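Here is the structure we will look at.
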Amino acid sequence: MKNVLLIDVGNTTVDFRYTSTISSQIIKLERIWTKDEEKQNLDFIISIFDKIENLSKVVFSSVVPIWTNLINQGAEKKRIPVFAIKEHFEHDLNIFQEVNINKLGSDFIANYYGVVDGLKLQDCIVVSMGTATTLFVIENMKFKGAIIAPGIKIALNSLIQNAAMLSQYEFNYTEMTLGTNTKTAIEIGAINGHFKMIKALIEDLQKTKKHQVVITGGNAEIITHQFEQEDYLIKEELIFIGLQSKAFNKKS
């Protein structure tokens with residue numbers, strides 16, 4: 001049995017998981033803050049590699065150059081083949097003919113393959129809730145375009161970062177429509193408002209054609225229940241499904 005390390009480097013976290021050649025299961029390994037300077041070094045990357053027995057290759061998506069370099073350096077030192085999802089795989093340019101793939105983030109590309117090659121969907125809207133909240137549309141297996149908005153935690157933190165008393169609270173979705181104190185008022189504006197923004201954007205995109213909606217990203221858990229009520233498909237590990245599909249050359 002050979003194992004493959006899958007890495008998702010975002011602007012907020014670096015997520016390490018792995019899979020094997022005999023199982024489709026994707027196993028969580030470690031997740032750290034992207035800006036954790038104590039772990040932005042070659043020794044840490046090599047320690048991650050060493051945790052996986054029979055490591056045969058590394059496949060990753062990264063939007064942060066310093067981590068891209070560390071992953072490549074670590075793989076070179078350990079003599080392990082390494083593949084960046086955007087740069088090291090061939091892509092059918094007809095799929096991305098309406099966008100410039102060279103200017104498209106690797107997370108979009110990995111999530112695309114997660115949907116088409118992993119979930120076997122030909123038409124859908126993907127909502128990814130990370131540092132930013134992004135939406136993109138796939139029609140007839142072609143990437144049609146995207147929307148990028150500030151992430152739910154970015155918006156929330158911008159409200160509370162300079163207010164010491166507010167930082168003690170945990171903010172969640174509320175059934176209230178009008179706040180009776182600062183906490184509930186912020187929940188309605190920042191949490192409920194973010195959900196309503198996503199729902200409204202989806203409705204706009206579905207005016208001409210109904211699509212399956214797929215929700216992913218680490219911040220989706222904040223409003224998971226609301227997404228479930230809309231019958232949206234929730235796939236937290238979508239980006240890893242995409243990385244896995246390219247690692248094993250699975251195609252729809």
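The values are calculated or read from the model by the stated rules, or taken from the named source; none is laboratory data. Only a predicted model underlies this, so the values are computations on that prediction, with no experimental measurement involved. Backbone-built Cβ (ideal geometry, glycine too); neighbour counts: all protein chains shown.
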If ASP231 passes every condition in (1) loosely packed, with under 13 Cβ neighbours inside 10 Å; (2) of a type outside the set (A, V, I, L, M, F, W, C); (3) under 16 Å from VAL115 (Cβ atoms) but one, which one does it miss? (3)
Under 9 Å by Cβ, and 6 or more places apart or on different chains, what pairs join a residue from the range 212-238 that is closer than 15 Å to ARG31 by Cβ with one that is assigned to a strand (DSSP E or B) and among the acidic types (Asp, Glu)? GLY218/ASP15
Can you confirm whether THR208 is in a loop (DSSP other than H, G, I, E, B), surrounded by fewer than 16 Cβ atoms within 10 Å (Cβ to Cβ), free of Cβ contacts under 8 Å to residues at least 12 places away in the same chain and of a type in the set (Val, Ile, Thr)? yes
Given the criterion under 30 Å from ILE95 (Cα atoms) and either assigned by TED's automatic domain parsing to the domain that holds GLU228 or of a type in the set (Gly, Ala, Ser) (or both), identify the matching residue among ILE147, ILE154. ILE147
Answer with yes or no whether VAL64 is of a type in the set (A, V, I, L, M, F, W, C), within 14 Å of LEU243 (Cβ to Cβ) and in contact (Cβ under 8 Å) with a residue 40 or more places away in the chain. no
Scanning for something farther than 16 Å from GLN244 by Cβ and within 16 Å of the chain's Cα centre (by Cα), does the range 39-55 turn up at least one residue? no
Evaluate the following for VAL59: is it in contact with a Lys or Arg (Cβ under 9 Å, 6 or more places away or on another chain), buried (at least 16 other Cβ atoms within 10 Å of the Cβ) and outside any loop (DSSP other than H, G, I, E, B)? yes
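For every residue, the table says whether it meets (1) surrounded by 14 or more Cβ atoms within 10 Å (Cβ to Cβ); (2) touching a Leu at 6+ places or on another chain (Cβ under 6 Å); (3) in contact (Cβ under 8 Å) with a residue 40 or more places away in the chain; (4) farther than 30 Å from SER106 by Cβ.
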| position | (1), (2), (3), (4) |
| --- | --- |
| THR134 | yes, no, no, no |
| PHE143 | yes, no, yes, no |
| ALA149 | yes, no, yes, no |
| ILE152 | yes, no, yes, no |
| SER158 | no, no, no, no |
| GLN168 | no, no, no, yes |
| ASN172 | no, no, yes, yes |
| THR177 | no, no, no, yes |
| THR180 | no, no, no, yes |
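Quick one: in the range 71-104, which of the residues that are in a loop (DSSP other than H, G, I, E, B) and basic (Lys, Arg) is farthest from LEU55 (Cα to Cα)?
Out of the qualifying residues, it is LYS86.
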So, of the residues in the range 85-118 that are surrounded by fewer than 18 Cβ atoms within 10 Å (Cβ to Cβ) and aliphatic (A, V, I, L, M), which turns out to be farthest from ASP204 (Cα to Cα)? LEU93
Please pick out the residue among LEU201, LEU166, LEU238 that is under 30 Å from VAL4 (Cα atoms) and hydrophobic (A, V, I, L, M, F, W, C). LEU238
Criterion first (touching a residue at least 12 places away in the same chain (Cβ under 8 Å) and more than 19 Å from GLY10 (Cβ to Cβ)) does SER56 satisfy it? yes
